[in-house]
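The values are calculated or read from the model by the stated rules, or taken from the named source; none is laboratory data. Given the structure is predicted, the values throughout are model-derived calculations rather than measurements. Cβ placement follows ideal geometry from the backbone for every residue including glycine, while neighbour counts extend to all protein chains displayed.
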Amino acid sequence: MMLVTRRRITLAIGAGLLLAGVPAAAEAQTPPELKIMAPAGAGGGWDTAARSLQQVMTAIGVAKSVQVTNVPGAGGTVGLAQFVTKASGKPDELMVAGITLVGAIISNQSPVTLKQVTPIARLTGDPLVIVVPANSPIKTVADLTAAIKKDVAGTIWAGGSAGGADHILAALVTKAAGADPGRTNYVAFSGGGEALAAMLGRRVTAGVSGYGEFQGQIEAGALRALAVSSPERLAGVNVPTLKELGVDVEVVNWRGIFAGPNITAEDQKKLSTLVETTLKSPQWAEVLKARGWSDYYAPAAEFTTFLASEQTRVQEILKSLGLAK
Amino acid sequence: MDSLLALGHGFVVAFEPTNLLFAAIGVVLGTAVGVLPGIGPALTVALLLPVTFKLDPGGSLIMFAGIYYGGMYGGSTTAILLNTPGESASVVTALEGNQMARSGRGGPALATAAIGSFVAGTIATFGLAFLAPVLVRLAVNFGPWDYFALMVLAFVTVSATFGSSPLRGLTSLALGLTLGIVGIDQLTGRARLTFGVPQLFDGIEVTTLAVGLFAIGEALYVASRHLYAPEKPIPVKGSLWMTREDWRRSWKPWLRGVGFGFPIGALPAGGAEIPTFLSYTTERRLAKNPEEFGRGAIEGVAGPEAANNASAAGTLVPLLTLGLPTSATAAIMLAGFQQYGLQPGPLLFTKEPALVWGLIASLFIANTMLIILNLPLIGIWVRLLAIPLPWLYAGILVFAAMGTIASDPSVVELAMLVGFGIIGFLMRRYDHPIAPAVVGLILGPMADNQLRRSLQMSLGDPMILLQNPGSATLLAIAALALVAPVLLKGLERFQAQED
């Protein structure tokens, strides 16, 4: 146990040194030392995105060093609250977040919102896929919407946490089918894994998840993919989009990067350029490929408009689900 | 035969020097983080993922598996010696293990845990290699109603941890169940009992409660009595090693532990905790001297320890065959697979046989390395008990706080740890058992969610619990376990009257 203790102390000292850091000598030429917060635990989507950015930013030299911190809790609202206070006016602090945080802010009635932070860029957008068990009588999206129309409560959906992107998609499809989205019978599971088991065990009508999570089963023929929720088809995947099939629904599990409140226009521009350079690098393209993420880059201005429309849309659908006032 | 041949090839892969090195690094790291409360294998693997990005996929996955198995070993060490379970799966181990350590039998307790883990790990890894395809088909057919019935069975068995008074046991259980409600409800997304504190939205961490109640509560209690009635734990009494009697009493619980751990671990929502509860109860029921339970019965360490290691191997069944991560560590390992462009699932065994079988073979190797690493350590570990009590408990407090901060660096979490510590002290002072509170926190939310999922799927019809053969059988066993002792007692009285 002594050995372990000693190592931990060394680690702690190391981390302390990193934290203390040398204040960035404000010369335009030297790349900055950045901090990226993932408002979630290590290993999740936002954390992985933050760490991938860290990896690419230091590899291509736009940042001298990047430190990733994790502040988990309450769908990201704990991290957001901390970020709003800590990163105010700071030109070197960033935060990764996504659509789940938009939903969590609304349903947790968080006192801080994404309106307070400065959007820098939209990063990735993973399409969701709607699947049914391979031997289900439902063969197409039209069959599914017909089933919903006939018996909305009897159409059982399986997916991730309540109020998350999966739930939002299920509710939007129900609404598009002409039924009351508030009556969507959505069974929330803690991860893609359990939802997948429910699908394979044929206990639910349809399932929603990120394409990557169901990919293995779709390729093996155990699940039938009805449609993806992205604006365009996935490269190399022969699954139509909901829009193609006449269901006007589009939900993408997007992630974006933000800076703190009250930063100067000049700092915002610098960070935007830095992030843009990172996202346009071949190294980032490699990361996207390795992780199976879809590029969904949008610069600050476009991202800000997009964010506003997402907030309205998510608020509306959560309200119909009884999760927002 | 095909599997045997494939396993042979797997050993060829696993015996490559670099892979052996990775396995060794993994088990050492795993044992170390298992010993530290709060830092589990999941966090360690998550932190190592970006570091291993450039490494060979086989090697790093082998290392991750080593960490996973190692963590299961390490967790029991602190549970036995310091009454501080490193993770929820070793809560049960602390019950008997710590009693053994206090009466000078820490050596045999650690030995039966280590050997039991080895035996269980090895058998379960064989199960993974040969039974995976069969087991996984059963596992996906396990519906929410079956899980709920399994939870009911587990609840019935909780009474075994109640100690002397059922009322006090139920009080402690109710505390755990109430704490289990705190947080955002998974099924509706609404906050329950959070009082607007965002840090409570994710619910109460099992390790925070367990470490608070067990370790901090214990430290406060010992401190409160130190002046006028100092406790003198006996560092070592008798052999450091297991006696012939210990072996005789351990081997059956080991095997039964595998029987609980492996299949339940393979269930997508089975987990490592329930098999340890079931194993503990079974051993208590089957023991020749049930009155020894609560005072350091070796069966109560051997069974649960075997069960939690077997469940670790069980977890890999759905992960490798379906791509279903069923524990936090498995979820992060899945991310590891995906990092290398590998998609675990039905096609992984055919697409990447060298990798899968190499991984399975290295599990055998990791298991062997762990026992070689851990048995000699026992002699060093038990010396911890010779440290003067004030020093030892001060150390425990530091460890407990550090572990909590490492897993979630927030003031609220630390305040909760201290709060639970004070509750733990009061529960000891007024003689309430601690384990049921932790069990309630683990089982409560699971039972709650699974029951409501069942009802959501049956459109509100409770009969679904009895219509499915699986859940009906489990509920019947639970009912029997509940009623049988009462009936038997009644029968005895009846016979006594006859005489």
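For the stretch A:161-216, how many residues are away from chain B (no Cβ under 13 Å) and of a type in the set (D, E, K, R)? The number of residues fulfilling the criteria is 2. Residue count for the stretch B:456-469, restricted to those that are in contact with a Leu (Cβ under 9 Å, 6 or more places away or on another chain) and either among the β-branched types (Val, Ile, Thr) or in a helix (DSSP H, G or I) (or both): 4.
Within the stretch A:152-166, the residues that satisfy the criterion of being modelled with pLDDT of 90 or more and surrounded by 23 or more Cβ atoms within 10 Å (Cβ to Cβ) are A:Thr155, A:Trp157, A:Ala158.
Figure legend. Inter-residue proximity from the stretch B:450-472: first residues farther than 19 Å from A:Trp157 by Cβ, second residues of a type outside the set (Gly, Ala, Ser) and part of a loop (DSSP other than H, G, I, E, B), beta-carbon distance below 7 Å, spacing 6+ or different chains. Indicated pairs: B:Gly470/B:Phe142. Scanning the stretch B:190-204 for residues that are surrounded by fewer than 17 Cβ atoms within 10 Å (Cβ to Cβ) and assigned to a loop (DSSP other than H, G, I, E, B) returns B:Arg190, B:Leu193, B:Phe195, B:Gly196, B:Val197.
What are the residues in the stretch A:7-34 that are at pLDDT 70 or above and either surrounded by fewer than 23 Cβ atoms within 10 Å (Cβ to Cβ) or at the interface with chain B (Cβ under 10 Å from one of its Cβ atoms) (or both), if any?
At the first step, the residues of the stretch A:7-34 found to be at pLDDT 70 or above are A:30-34.
If the condition is that a residue be at pLDDT 70 or above and either surrounded by fewer than 23 Cβ atoms within 10 Å (Cβ to Cβ) or at the interface with chain B (Cβ under 10 Å from one of its Cβ atoms) (or both), then A:Thr30, A:Pro31, A:Pro32, A:Glu33 are the ones that fit.
State yes or no: is B:Leu187 away from chain A (no Cβ under 14 Å) and more than 30 Å from B:Pro133 (Cβ to Cβ)? So B:Leu187 does not fit the description; no. When the stretch A:217-237 is filtered for residues that are part of a loop (DSSP other than H, G, I, E, B) and either within 8 Å of another protein chain (Cβ to nearest Cβ) or among the basic types (Lys, Arg) (or both), the ones remaining, listed by number, are A:Ala222, A:Arg233. Restricting attention to the stretch A:230-245, does a residue exist that is closer than 27 Å to B:Val136 by Cα and in contact with a Ser or Thr (Cβ under 6 Å, 6 or more places away or on another chain)? There is no residue in the stretch A:230-245 that is closer than 27 Å to B:Val136 by Cα and in contact with a Ser or Thr (Cβ under 6 Å, 6 or more places away or on another chain).
Is it the case that A:Thr184 is in contact with a Phe, Trp or Tyr (Cβ under 8 Å, 6 or more places away or on another chain) and of a type in the set (S, T, N, Q)?
yes
All of (1) part of a helix (DSSP H, G or I); (2) surrounded by 12 or more Cβ atoms within 10 Å (Cβ to Cβ) hold for B:Leu491 with one exception: (2).
Every listed requirement among (1) in a loop (DSSP other than H, G, I, E, B); (2) of a type in the set (A, V, I, L, M); (3) under 23 Å from the mean Cα position of the chain (by Cα) is met by B:Ile332 save one, (1). Restricting B:Ser103, B:Ser117 to residues that are buried (at least 17 other Cβ atoms within 10 Å of the Cβ), of a type in the set (Gly, Ala, Ser) and either assigned to a loop (DSSP other than H, G, I, E, B) or touching a residue at least 60 places away in the same chain (Cβ under 8 Å) (or both) narrows the list to B:Ser117. Of the residues in the stretch B:333-341, at least one is at positive phi and within 8 Å of chain A (Cβ to nearest Cβ).
In the stretch A:152-171, is there at least one residue being in contact (Cβ under 8 Å) with a residue 60 or more places away in the chain and either touching a Pro at 6+ places or on another chain (Cβ under 6 Å) or over 23 Å from B:Gly183 (Cβ atoms) (or both)? Within the stretch A:152-171 (the criterion being in contact (Cβ under 8 Å) with a residue 60 or more places away in the chain and either touching a Pro at 6+ places or on another chain (Cβ under 6 Å) or over 23 Å from B:Gly183 (Cβ atoms) (or both)), the answer is yes, since at least one residue qualifies.
Being surrounded by 22 or more Cβ atoms within 10 Å (Cβ to Cβ), under 30 Å from A:Gly236 (Cα atoms), under 14 Å from the mean Cα position of the chain (by Cα) and within 14 Å of another protein chain (Cβ to nearest Cβ) is not true of A:Gly98.
Output the residues belonging to the stretch B:345-370 that are β-branched (Val, Ile, Thr) and either assigned to a loop (DSSP other than H, G, I, E, B) or buried (at least 18 other Cβ atoms within 10 Å of the Cβ) (or both). Those that are β-branched (Val, Ile, Thr) and either assigned to a loop (DSSP other than H, G, I, E, B) or buried (at least 18 other Cβ atoms within 10 Å of the Cβ) (or both): B:Val356, B:Ile360, B:Ile365.
Looking at B:Ser164, B:Ser224, can you tell me which residue is among the hydroxyl-bearing types (Ser, Thr, Tyr) and part of a loop (DSSP other than H, G, I, E, B)? Reasoning before the result, please.
Details: B:Ser224 fails: part of a loop (DSSP other than H, G, I, E, B).
Answer to the check: B:Ser164.
For (1) at pLDDT 80 or above; (2) touching a helix residue (DSSP H, G or I) at 6+ places or on another chain (Cβ under 8 Å); (3) more than 14 Å from chain A (Cβ to nearest Cβ), each residue gets a yes or a no:
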residue	(1), (2), (3)
B:Pro275	yes, yes, yes
B:Thr282	yes, yes, yes
B:Ala287	yes, yes, yes
B:Ile298	yes, yes, yes
B:Val301	yes, yes, yes
B:Ala306	yes, yes, yes
B:Val317	yes, yes, no
B:Pro325	no, yes, no
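Do you know which of the residues in the stretch B:171-184 that are within 14 Å of chain A (Cβ to nearest Cβ) and aliphatic (A, V, I, L, M) is surrounded by the most Cβ atoms within 10 Å (Cβ to Cβ)? Before you say what the answer is, go through the steps one by one.
The initial filter retains those residues of the stretch B:171-184 that are within 14 Å of chain A (Cβ to nearest Cβ), namely B:182-184.
Next cut, aliphatic (A, V, I, L, M) only: B:182, B:184.
Working: B:Val182: 19, B:Ile184: 23.
Here the answer is B:Ile184.
Here the helices (runs of 4 or more DSSP H) wholly within the stretch A:29-142 that include at least 1 residues being among the charged types (D, E, K, R) and out of contact with any Leu (no Cβ under 7 Å at 6 or more places or on another chain) are A:45-60, A:77-86.
Of the candidates B:Leu342, B:Leu324, the single residue that is surrounded by fewer than 24 Cβ atoms within 10 Å (Cβ to Cβ) and of a type in the set (A, V, I, L, M) is B:Leu342.
Tallying residues that are surrounded by 24 or more Cβ atoms within 10 Å (Cβ to Cβ) and either within 18 Å of the chain's Cα centre (by Cα) or within 14 Å of chain B (Cβ to nearest Cβ) (or both) within the stretch A:126-151 yields 6. Which is surrounded by 21 or more Cβ atoms within 10 Å (Cβ to Cβ), in contact (Cβ under 8 Å) with a residue 24 or more places away in the chain and in a helix (DSSP H, G or I), of B:Ile422, B:Ile405, B:Ile442? Criteria check complete, one pass: B:Ile442.
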